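Chemist: Got a structure here, written out as structure tokens. Questions coming.
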Amino acid sequence: MLQDEVGKCISCGFCESVCPTLPASGYDLWKGARGRVIMGHELVNAVREGKAGQLDISDSFYSCLDCFACLQVCPAGVNAGVVSHLARSLIVERQIKENQNPYARMIVAATMKYMNPLGVPASSDNWAEGLKFDQDSPDLLYTGSMYQLMAYTGGLNRVRQMAGHRLSKMMAGIIAGHPSAIRVSTSQRDRSFQKQLNNSLRNIVRLLQAAGNHFSYLGPGEPYPGTFIYDLGYLEEFREYANRVYRMLKESGARRIITVDPHTYDLLKHTYPEYVEGFDLDVIFYADLLSGLNISKIDRKVVYHEPCHFVLREDSYSVPLTLISRAAETVMAPRNGKRNKCCGGPDELIFPDLSEKVSNERYSELVATGASEIVTACPICLANLSKEKKTRDMADLLAEASLR
Ligand code: SF4
Ligand code: SF4
């Protein structure tokens with residue numbers, strides 16, 4: 001509960017030293033970890049007194065990246081990311097309209113209608129054209145449309161920039177009631193980046209097959225897993241949505257789901273079982289199936305940017321690092337492992353300016369290592385750190401090192 005989590009805080013401020021949104025916001029206390037915990041207190045008290053609508057607090061919680069860097073340094077075991085999630089959930093549950101973010105409502109409405117947050121039509125999801133799958137296999141490759149969506153997020157933000165802050169906020173509120181309007185932004189997709197992302201997905205399939213795996217695929221227009229609905233605190237909607245996705249996965253005959261990004265992996269593995277009664281699918285990340293790959297080292301120095309979901313959650317997951325190290329000389333940024341720094345990606349749709357500042361800072365740290373390439377294992381990190389064509393997906397590096 002929110003009250004229990006904020007009640008542990010001893011106000012030491014250690015968490016502020018690692019929270020990426022604090023410096024990116026110009027040291028706005030309320031967009032830092034300790035400020036979020038203080039705001040959590042305020043919210044609990046205001047709800048108790050029936051005055052939550054009078055608080056101006058929502059940006060504090062919605063701007064949190066849910067990276068969990070704060071938890072790693074907190075002597076009292078407080079997780080300001082969890083505080084932010086609980087606060088967003090409380091705002092939704094108590095229907096505190098004044099504090100609900102219009103972009104959050106827009107994303108949730110579009111996802112419920114189209115089964116992806118941007119209303120991307122299935123006809124444009126053609127990355128797998130010409131690839132062969134084993135449709136009788138009990139293993140199902142599930143992309144969750146995460147790579148596919150990254151070509152569209154920049155387009156939505158361009159529309160927002162053109163409209164200006166006030167108008168785009170108003171438009172988001174309108175789209176929340178009429179989600180089909182979000183499709184206007186899909187014409188703004190980045191076609192060259194889409195080609196790169198499609199190629200990474202194709203490389204994932206080729207790598208898995210080269211390592212001897214057989215698996216099926218749902219086809220164009222796969223459902224998005226609902227990550228944003230959960231993260232934004234719309235838990236009842238998430239329950240309904242997760243059950244819809246689960247039924248689709250089960251109807252395919254799958255017994256094991258091969259995920260290709262850390263967010264989908266984490267959501268299916270750890271959150272779906274709480275919201276889907278009788279959940280009985282095994283969930284793995286595709287890198288776990290690549291041990292049989294014949295990888296030859298390329299003469300190149302790369303820096304690996306770790307996804308927060310792989311290193312800042314309870315269990316660290318290092319298989320991608322092991323594979324990347326086999327493919328090229330690999331260095332790490334000064335902040336890595338349990339001190340990892342987020343790419344800013346989770347803020348991209350709600351706070352694009354803040355997201356860009358976080359990603360610029362992380363990018364500079366990665367470039368300063370002297371590596372010639374930045375390698376990621378997450379399409380959101382890839383999209384946020386793709387600057388000056390220095391950044392590539394792990395699948396592309398591994399394909400170069402093993403499929404020649
Ligand atoms: S590090 Fe923990 S105890 Fe200290 S201010 Fe942050 S949340 Fe509170
Ligand atoms: S989860 Fe990340 S962004 Fe959120 S408060 Fe903690 S360190 Fe800051």
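Chemist: Return the distance in nm (one decimal) between the two label points of a simple spin-label model at GLU98 and MET332, each offset 7 Å from Cα along Cα→Cβ.
Modeler: 4.6
Chemist: Probe radius 1.4 Å, ligands and nucleic acids ignored: give me the carbon and sulfur share of the accessible area of region 297-404 as a rounded percent.
Modeler: Its accessible area is 49 percent carbon and sulfur atoms.
Chemist: Relative to a virtual label point 7 Å from the Cα of LYS301 in the Cα→beta-carbon direction, which members of region 327-351 show backbone nitrogen distances below 19 Å?
Modeler: Of the residues in region 327-351, 327-336 have backbone N under 19 Å from the label point off LYS301.
Chemist: Nothing charged except the Cβ atoms of Lys and Arg (+1) and of Asp and Glu (-1): what's the magnitude of the dipole of the chain about its Cα centre? Round to the nearest 20 debye.
Modeler: That gives a dipole near 820 debye.
Chemist: Could you please put HIS178, HIS309 in sequence from largest to smallest accessible area, using a 1.4 Å probe?
Modeler: Correct descending sequence by accessible area is HIS178, HIS309.
Chemist: While we're looking at this one, here's another question. Given a Förster distance of 41 Å, report the FRET efficiency between TYR27 and ASP136 from their Cβ-Cβ distance, rounded to the nearest 0.05.
Modeler: The formula returns an efficiency of 0.10 here.
Chemist: Extension gain ALA210-MET1, at 0.36 nm per residue separation less the Cα-Cα distance, in nm?
Modeler: Length gained, ALA210 through MET1: 70.6 nm.
Chemist: Report, in degrees rounded to the nearest 10, the 0 to 90 angle that the Cα long axis of helix 235-251 makes with the longest principal axis of the chain.
Modeler: So the inclination is approximately 20 degrees.
Chemist: Where the accessible area of region 225-267 is counted over protein heavy atoms with a 1.4 Å probe, how much of it, in %, is carbon and sulfur?
Modeler: Here it works out to 46 percent.
Chemist: From Cα pairs below 8 angstrom and at least 6 apart in sequence, can you work out the relative contact order of region 2-100, rounded to a whole percent?
Modeler: 33
Chemist: Further, regarding this structure: In deg cm²/dmol, rounded to 500, what helix-only [θ] at 222 nm does the chain give when every DSSP H run of at least 4 residues adds -39500 (n - 2.57) and the total is split over its residues?
Modeler: Estimated from H runs of four or more residues: -14000 deg cm²/dmol.
Chemist: In region 129-195, carbon and sulfur make up what percent of the accessible area (probe 1.4 Å)?
Modeler: The C+S portion of the solvent-accessible surface of region 129-195 is 55 percent.
Chemist: Let me ask something additional. Which of LYS269/LYS390; LYS338/LYS389; LYS297/LYS390; LYS269/LYS301 have a Cα-Cα distance over 24 Å?
Modeler: LYS269/LYS390; LYS338/LYS389; LYS269/LYS301
Chemist: Moving to a separate point now. So, for region 301-402, what is the accessible surface per residue at a probe of 1.4 Å, expressed in square angstrom?
Modeler: Value for region 301-402: 35 Å² per residue.
Chemist: Okay, next question. Could you size up the charge dipole of region 104-289 around its Cα centre, putting +1 on the beta carbon of Lys and Arg and -1 on that of Asp and Glu, and report it in debye to the nearest 20?
Modeler: Dipole about the Cα centre, nearest 20: 940 debye.
Chemist: Tell me the angle of helix 80-93 to the major Cα principal axis of the chain, expressed in degrees between 0 and 90 and rounded to the nearest ten.
Modeler: With rounding to tens, the tilt is 70 degrees.
Chemist: Distance in nm between label sites at GLU129 and ARG183, each 7 Å beyond Cα in the beta-carbon direction?
Modeler: According to this spin-label approximation, the distance is 2.1 nm.
Chemist: Explain nothing, just the number: relative contact order of region 150-246, from Cα pairs under 8 Å at least 6 residues apart, as a whole percent.
Modeler: Value for region 150-246: 28 percent.
Chemist: Now for a separate question. Would you mind getting the accessible area per residue of region 104-289, heavy atoms of the protein chains only, 1.4 Å probe, in Å²?
Modeler: I get 43 Å² per residue for this part.
Chemist: Follow-up. Treat each spin label as a single point 7 Å out from the Cα along the C-beta direction, and report the ARG339 to SER252 distance in nm.
Modeler: According to this spin-label approximation, the distance is 4.0 nm.
Chemist: Can you give me the C-alpha center-to-center distance between region 27-75 and region 89-109, rounded to a whole angstrom?
Modeler: Computed from Cα coordinates, the inter-centre distance equals 15 Å.
Chemist: At a temperature of 10 °C and a viscosity of 1.306 mPa s, determine how fast region 310-354 diffuses translationally according to Stokes-Einstein, using the Kirkwood radius over alpha-carbon pairs as Rh; express D in µm²/s, rounded to the nearest whole number.
Modeler: Rounded, D is 127 µm²/s.
Chemist: Here's something else I'd like to know. Rounded to the nearest whole Å², what accessible area per residue is found for region 2-100 with the 1.4 Å probe?
Modeler: Here the residues of region 2-100 average 43 Å² of exposed surface.
Chemist: Please check: in the Gaussian network model of the chain (C-alpha springs, under 10 Å), which one of ALA368, ALA109, ALA327 has the largest mean-square fluctuation.
Modeler: ALA368
Chemist: Given the Cα-Cα distance of ASP288 and LYS51 and 0.36 nm per residue of separation, how much length would full extension add, in nm?
Modeler: 80.4 nm
Chemist: What full-extension length gain, to one decimal in nm, is calculated for HIS41 and ALA368 as 0.36 nm per residue of separation minus the Cα-Cα distance?
Modeler: 113.8 nm
The values are calculated or read from the model by the stated rules, or taken from the named source; none is laboratory data. A quick note: this is a predicted structure, and the numbers were derived from the prediction, not measured. Every residue, glycine among them, receives a Cβ derived from its backbone with ideal geometry; neighbour counts consider all protein chains shown. Ligands, DNA and RNA are stripped out before the accessible areas are found, and what is left, the full protein with its side chains, is counted by its heavy atoms. Shrake-Rupley method; radii C 1.70, N 1.55, O 1.52, S 1.80 Å.
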